[in-house]
């Protein structure tokens, strides 16, 4: 029994009927709004009426319908056979909206198309299955670079790209591979020997059984089938050998690069350099602790925020004005030092593809990108970079850099260190974290970009590009109108 106080009087609000169901009390002074789950509609309902006018799903739909050229997407269906596929516009809308709110699972998108009004509105109640969604995402990885350029054009047209200062940084994205489904090189060799012995024993046993069955049942009776576990172990042996060969090839490649650098530094001829590379590659042996993932062989063990995991290193350049992503790249290298020149080139290419003639005035990057060769090459390429030369403790002075007028023979690293100690240099570099770190934070928290769904380097690059597209679309939506989900 529930009582309600109105105007100082007590009113009986509810009562229980004979079946024990609580209902509004007859004659109660308290009235409720009508509630009937079995209510029929006089006219067919429209999903369009159930979605607010300023919903993010509407913005995504408008961009896909009115602003994006989907020629690259539609072109892949010209020679397609079989049943008619789902409309690419609808599939792209679902992907963009899903990734923008952190729904990256194809199965979850399929479920949302049945339970979420925004997804149902975007799919027009067609509810594509998760296999079709997954295949669509994988099929159009190459088209995502073109879509990224088109969205960058829209952001530039809206005044979100100023290209004064830009910041470059990398972040680790967890691969779709468990570190427990991997094996080190020394364990691989022992495991291969063990499995080879097991396979040989099973083959000998199968042969003995065949001979015995021939004697008992005759030569025409089948007895040549191998045990089921033999096929499993043989398959495992093939994977182990492939992983072992891959580790050996990587070790040979690394040894060859080191040998080539040493021979070139020593002034050797081209023939001597080639001979040194061949000798180093042939004698190279992987480290016993070198690991290989069987789930995603292209992923590499990297240190992430929660320990060591198989991951990829995602690089991004963001504009200071609105944190719009200008260029992206995904690499297998755990460190950033070899990515500076590649990302400078990627930035130039991305701006060219977007038809933007302007170039960044200053590129900010942390100490992970600093090396003498990087600074020299960036200066030679006409790029103004501001890169930390190393981590300094509080009040620590830059070593080997004299005060006063800098000497003419100072290295580019020393000149960069002096520039970072000036008032203007400190103020400019202080903006680095404020530009790029929020981009990764928003993508990982809002869009669940920290864990990849697609395997392989191409899949990782395509999926990170998709996340960057969604990030830029959210910036564009927030600039155009308030967004709600």
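Numbers below:
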item	result
Estimated FRET transfer efficiency when R0 is 45 angstrom, pair residue 408-residue 158 (beta carbons, to 0.05)	0.45
Pairwise centroid distance, computed over Cα atoms, of region 31-48 with region 110-138, Å	25
Relative contact order (%) - criterion: Cα under 8 Å, at least six apart; region: region 55-164	28
Approximate spin-label separation residue 78-residue 249, in nm, with each point projected 7 Å along Cα-to-Cβ	3.3
Cut-off 11 Å, label 7 Å out along Cα→Cβ of residue 305, residues of region 426-463 by amide N	438, 440-446, 448-451
Extension gain from residue 258 to residue 130, taking 0.36 nm per residue of separation minus the Cα-Cα distance	41.4 nm
Förster radius 30 Å - calculated FRET efficiency between residue 142 and residue 278 (Cβ-Cβ, nearest 0.05)	0.25
Simple label model, 7 Å out from Cα along Cβ direction - residue 359 to residue 53, nm	4.7
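Laboratory data are not the source of any read-out in this text; all were calculated from the coordinates shown. Computed from a predicted model, the values in this text were never measured in an experiment. No Cβ is skipped: glycine too gets one built from the backbone with ideal geometry, and neighbour counts run over all protein chains shown.
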